[in-house]
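Written below as structure tokens is the structure these notes are about.
Taken together, the values in this text are just the output of simple stated rules run on the coordinates, not laboratory data. All figures in this text were calculated on a predicted structure; none of them were measured in a lab. Every residue, glycine as well, gets a Cβ built from its backbone with ideal geometry; the counts of neighbours run over all protein chains shown.
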Amino acid sequence: MKFILIIFLAITHLVNAQSVVLINKYTTGSYLYSSPIATSNDVVVIGGHDKYVYFFKQTGALLNKYKTKGWVHSSPEVLSNGNIVIGSYDKHIYFFNENGDFLNKIKPGGKVFSKILELPNHNIVFGSNHKGLIFYDLKRDSSYYFKTKWFPHTDLCLTKKGNILTGTLGKYVYLVNQNAQLLSKFKTKRWVLHSKPTQLDNGTIIVASYDKNLYFLDSNLTEIRRFETKGKIHASPLILKDKTIIINSFDSYVYFLTPDAKLKYSFKTEAKIIASPVVLSDGTIVICSSDSYVYFINQKAELITKYKLGAGIFSTPVVLSNNTIVVASNDHSVYFLKLQD
């Protein structure tokens with residue numbers, strides 16, 4: 001009887017087990033520090049240090065590609081009209097339709113370090129090494145600027161009041177209105193690099209720094225509290241439906257926090273975590289680590305399964321409507337993965 005029970009439990013475990021299936025893989029010509037995005041039709045777009053912008057179908061098949069004259073380090077964005085916009089180190093911003101056909105380019109000044117943020121008036125703003133934040137009026141073909149101490153190298157956050165939040169290599173977080181006027185600023189002890197400032201539903205602003213802290217600030221950027229990890233934080237926070245905050249750290253840990261910065265759970269990988277976490281439609285959390293693994297964990301920080309890529313992972317993955325996970329690895333490849341029962 002005991003033997004039958006053991007067999008039954010083993011079969012049950014096998015039936016309930018989940019595995020990761022490789023749907024497709026495409027190898028580019030260089031490193032991929034840009035994070036992929038997906039359109040409403042699941043066209044995947046990513047930039048590469050081989051100077052190309054790549055467009056993929058949901059299946060992972062290459063749809064199109066376009067070569068710029070500089071590294072494409074920043075991530076693409078989908079505009080309200082459905083077109084794709086992305087910046088290059090050649091100081092140009094490029095516009096494409098969803099099929100990857102080139103539409104236009106502009107040269108507003110400076111290398112583009114952040115994802116392009118479209119404002120409600122359809123102007124755009126982005127972080128650059130030239131003058132800090134560059135605001136560009138698409139209709140008038142003119143720019144205006146907000147000068148920062150050192151340059152912004154984070155994606156920008158549009159607050160509930162329509163203001164812009166950015167972090168910089170000058171250790172400051174800036175709150176700026178759409179006329180490029182300073183509203184407030186907050187100083188950390190080290191860089192705010194790549195980690196996007198995020199506003200919670202209650203108005204609290206959270207931002208991570210290379211000083212190892214995740215800061216909780218009020219709407220005027222006054223510190224309320226902080227959560228300290230044991231490593232630099234490069235990733236942006238992920239907010240779950242139940243308000244849980246997930247943040248990855250160079251100390252190799254994933255932290256699950258309450259909105260008041262109390263630790264709920266943690267999960268350890270085998271190397272520093274640079275990329276930001278993402279979530280599947282069923283609530284599964286996806287963590288990409290420098291140890292070359294893509295981890296799938298539940299909302300109690302328990303491992304479901306993992307999948308090994310050819311190298312460590314820098315950029316944040318994107319989840320498609322069918323739960324395909326698109327991950328760019330330091331082996332120069334873009335992977336299309338699927339978690340299956």
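Side notes on the structure shown:
- Calculated FRET efficiency for the pair Gln340/Asn177, C-beta based, R₀ 51 Å, to 0.05: 0.60
- Set of segment 68-89 residues, backbone N closer than 16 Å to the point 7 Å along the Cα-Cβ line of Asn104: 78-87
- Extension reserve of the His122-Asp42 stretch, reckoned as 0.36 nm per residue once the Cα distance is removed: 26.5 nm
- For segment 41-189, the residue among Thr59, Ser114, Phe95 whose Cα projects farthest onto the positive side of the dipole built from Cβ charges is Ser114.
- A simple spin-label model places pseudo-atoms 7 Å from Cα toward Cβ; at Ser142 and Ser19 they are separated by 6.2 nm.
- For the chain, the 222 nm mean residue ellipticity estimated from helices alone, with every DSSP H stretch of n ≥ 4 adding -39500 (n - 2.57) and the total spread over all residues, rounds to -1500 deg cm²/dmol.
- Karplus-derived 3J(HN,Hα) values for segment 94-111, using 6.51 cos²θ - 1.76 cosθ + 1.60 with θ = phi - 60°, are 10, 10, 9, 7, 5, 7, x, 7, 5, 10, 5, 8, 10, 10, x, x, x, 5 Hz; glycine and proline are entered as x.
- Listed pairs Lys189/Lys230; Lys241/Lys262; Lys131/Lys232; Lys160/Lys243 exceeding 20 Å between Cα atoms: Lys131/Lys232
- Distant-in-sequence amide contacts of Lys171, defined by a placed amide H-H separation under 5 Å and a gap of 5 or more residues or a different chain, comprise Val192.
- For segment 117-133, backbone phi angles converted through the Karplus equation (6.51, -1.76, 1.60; θ = phi - 60°) give residue-by-residue couplings of 9, 8, 8, x, 8, 6, 6, 10, 9, 7, x, 9, 7, 7, 9, x, 8 Hz, Gly and Pro being listed as x.
- Put a dot 7 Å past the Cα of Asn323, heading toward its Cβ, do the same for Thr27, and the two dots end up 3.1 nm apart.
- For segment 229-341, radius of gyration divided by Kirkwood radius, i.e. Rg to Rh on alpha-carbons: 0.94
- Comparing Ser30, Pro237, Phe126 along the charge dipole axis of the chain, the residue lying farthest to the positive side is Phe126, per the Cβ-charge model.
- Straightening the chain between Ala271 and Asn202 buys 21.5 nm, computed as 0.36 nm per residue apart minus the Cα-Cα spacing.
- Karplus-derived 3J(HN,Hα) values for segment 260-274, using 6.51 cos²θ - 1.76 cosθ + 1.60 with θ = phi - 60°, are 9, 6, 8, 6, 9, 8, 8, 9, 10, 9, 9, 7, 4, 10, 9 Hz; glycine and proline are entered as x.
- Per-residue Cβ neighbour rank within 10 angstrom, fewest leading, Val319, Val43: Val319, Val43
- Dipole magnitude (debye, nearest 20) for the chain, charges at Cβ of Lys, Arg, Asp, Glu: 920
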